[in-house]
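The values are calculated or read from the model by the stated rules, or taken from the named source; none is laboratory data. This one's a predicted model, so the numbers in the text were calculated from it and none came from an experiment. Cβ coordinates were reconstructed from backbone atoms using ideal geometry, including for glycine residues, and neighbour counts include every protein chain displayed. Please note that ligands, DNA and RNA were not included when accessible areas were found on the heavy atoms of the full protein model with its side chains. Shrake-Rupley method; radii C 1.70, N 1.55, O 1.52, S 1.80 Å.
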Amino acid sequence: MPDAQLLAAQDLRLDVNVLDYAILALYFLVVLGIGFAAKRAVRTSLDFFLSGRALPAWITGLAFMSANLGATEVLGMAANGAQYGAMTLHYYWIGAVPAMVFLGVVMMPFYYRSKVHSVPDFMRRRFNGATQLLNAGTFAVAQILIAGINLYALALIMDAMLGWPLWLSILVSAAIVLAYITLGGLSSAIYNEVMQFFVIVAGLVPVVIIGLTRVGGFSGLGEKVKQSVLGEGGLHTWAHTAGTDNPLNANWIGLVFGLGFVLSFGYWTTNFAEVQRALSARNTNAARLTPIVAAYPKLVIPIVTVIPGLVAVVLFGNLGKDGGPTYNEAIPLLMNEFLPNGVLGVAVTGLLASFMAGMAANISGFNTVFTQDIWKAHINGDHPDEWYVRLGRIATVVGVVAGIGTAFIAAGFGNIMNYLQSLFSFFNAPLFATFIIGLFWRRMTAWAGFWGLLSGTVCAFASYILYKAGVFDFGTELNASFWGAGIAFVVDAIVSVVVTLATTPKPESELRGLVYGLSDASVSDDALAGDAAWYRSPVILGAGAVVLAAAFYLPFL
């Protein structure tokens, strides 16, 4: 490896000029313009928090995808590609697409037709107010922590561009997101996310094309990965997973049960920051199609995330090593190395768009849950509708300010994806256990929901603490998250069963429309003309996405 490629962490400085800043300024003007335009349509709390439930599936589907394509996806998955190689693909093809399809085919009818405004609201109706409050509280904390990750990643780019200190970059970045979410609520976030999806892709594609050209195409990249620190294992997904002799130090049990089932389904089916986009759709079929529409671009997103990580690890010899740049800096390093001015401006704008989309999803989810599921449901629900719109805007400010604080926590992690997956194992895995058992087992009682969720969450934290203390040896941070999620799920399930057997279930009349097999006859059919066509069928389109996910694995077995 040439000495010129051995960079120190402090050497990362993007060579931007006036043209690049002009492109960035134009983007910011468009973002704020969308915010002002969306503000004109906000008249009720339903408009502010759920876009009036009036959006078509292609809009909500792209917003669903873009909301996930934030800093943790772009920087984090590139970091994972550099650190763990092709095994990062598990996060897409077993760790996302099947769960997204399950959400659309099975779960969205329960969410949408029950007319709940959030996942915690569904937990209140299925279980009780205590379960709603516990879910709302843990979700609010999780969104603030994840918003901090997005802010920190955004600040990294601002620092690379301008040389600003971390604190100033974080403050400026937070102000940008705060402006358009406060103005237009969820509609502003969604329409910006649709635009941001295309900006993100346009910004990252040049990095991929030039990077592959530099290393000799896919074949040249494969040969160089074999010679890198990753070795042959960096090109495979399932090889040597009977044990832990692979870059991820994970076996197939952790991958299939921990990631593919618990973490994946826990995130995609119960994370309100994502589900909120589907709840804003115009009818049940559009809501079901939302995550399925998003699943198709999700299949190929590794092209602009994982591949740059692999290119970075073969070009920059001390990436992730002491004194060198961190794995999180893989994509900024490639941008600075490859892109001429003008194209660099588009790439930087794409990165900023991804961070803003991710943070906007966190904050719009936080303001809804805080306003509706904590304040209105448990503190004071006697105010007129417009009062809660104002409170939602105040909650937006509070969420962004709190995210500024948690950004400094994210700064302590060399790979932000490791941090993020730990958060998912704490908050999403136990919630999924409570939700899925309550959805299919009508006997499960209200207090079983509460105590199962609480015990699972506590055990997830305990597992991580014991791993950090050296009591448990899971090999890597990511594998620790897989096992922590699995432990949380099992404990939650056991506690739920035990408490159910000791308590009285709700009558079936209170569970109609909330559990499998008990439909609510009072809910009218909201199908639109054309919904019966095969190309609008959630089942057919969902099956196609799952088949493609399995087929994409074949070259990387």
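When the alpha carbon coordinates of the range 75-151 are projected onto the principal axes, the ranges are 44, 30, 17 Å, largest first. Accessible surface for residue 164 stands near 80 Å², nearest 10, in the context of the full protein assembly shown (1.4 Å probe).
Rounded to two decimals, the Cα radius of gyration of the range 285-333 over 2.2 N^0.38 Å is 1.68. Express in whole angstrom the spacing between the alpha-carbon centres of the range 138-173 and the range 366-441. Measuring centre to centre over Cα atoms gives 17 Å.
The protection proxy used here, the mean number of other Cβ atoms lying within 10 Å of each residue, ranks peptides 37-45, 420-428 as follows, highest first: 420-428, 37-45. Pairwise Cα separations in the range 346-391 fall into 5 Å bins from 0 onward with the following percentages, short to long: 5, 20, 20, 15, 11, 9, 9, 6, 4, 1. Summing +1 for each Lys or Arg and -1 for each Asp or Glu among the other residues whose beta-carbon sits under 13 angstrom from that of residue 354 gives -2.
For residue 226, go through the lysines and keep the ones whose alpha-carbon is under 25 Å away, minus same-chain ones fewer than eight residues off. Filter leaves 321.
Among 246-258, 323-335, the peptide with the highest mean count of other Cβ atoms within 10 Å heads the list, and the full ranking is 323-335, 246-258. Calculated mean residue ellipticity, 222 nm, the chain: -22000 deg cm²/dmol, from DSSP H runs (n ≥ 4) at -39500 (n - 2.57) each, averaged per residue and rounded to 500.
Can you compute the FRET efficiency between residue 252 and residue 490 using 1/(1 + (r/R0)^6), with r the Cβ-Cβ distance and R0 = 22 Å? Round to the nearest 0.05. E(calc), rounded to 0.05, equals 0.80. Relative to its residue count, the range 257-389 spans a Cα convex hull of 210 Å³ per residue.
Summing Cβ point charges (Lys, Arg +1; Asp, Glu -1) relative to the Cα centre of the chain gives a dipole of roughly 1180 debye. For the chain, the average shadow cast by the Cα convex hull is 24.3 nm², which is a quarter of the hull's surface.
Taking the inverse of the mean 1/r over every pair of distinct Cα atoms in the range 387-428 gives a Kirkwood hydrodynamic radius of 12.0 Å. Classify the range 402-553 from the C-alpha gyration tensor, please: rounded if a/c falls under 1.5, else prolate or oblate depending on whether a/b exceeds b/c. Oblate.
Placing +1 on each Lys and Arg Cβ and -1 on each Asp and Glu Cβ, with no other charges, gives the range 380-505 a dipole about its Cα centre of roughly 120 debye. Here the Karplus curve 6.51 cos²θ - 1.76 cosθ + 1.60, taken at θ = phi - 60°, turns the phi angles of the range 480-491 into couplings of 4, 5, 4, 5, x, 5, x, 4, 4, 5, 5, 4 Hz, with x standing for Gly and Pro.
What does the C-alpha gyration tensor say about the overall shape of the range 109-255? Classify as rounded when a/c is under 1.5, otherwise prolate if a/b is larger than b/c, or oblate. Oblate, because a/c is 1.5 or more while a/b does not exceed b/c.
Classification of the range 16-118 by its C-alpha gyration tensor yields an oblate form. The axis ratio a/c (a ≥ b ≥ c) is 1.5 or more, and b/c is at least a/b. Highest-first packing order for the peptide set 166-177, 487-498 is 487-498, 166-177, based on the mean count of other beta carbon atoms within 10 Å.
Remark: the range 374-468 is approximated by an ellipsoid whose semi-axes, taken from the C-alpha gyration tensor as √(5λ), come to 28, 26, 10 Å, largest first. Taking every pair of alpha-carbon atoms in the range 225-330, give the share separated by more than 20 Å as a whole percent. It works out to 60 percent of all Cα pairs. In vacuum, with every alpha carbon of the range 106-185 counted as one equal point scatterer, what does the Debye formula give for log10 I(q)/I(0) at q = 0.17, 0.18, 0.23 Å⁻¹? Two decimals, please. So the normalised log intensities are -0.80, -0.83, -1.01. In a reduced charge model with +1 at each Lys and Arg Cβ and -1 at each Asp and Glu Cβ, the range 202-278 shows a dipole moment near 200 debye about its Cα centre.
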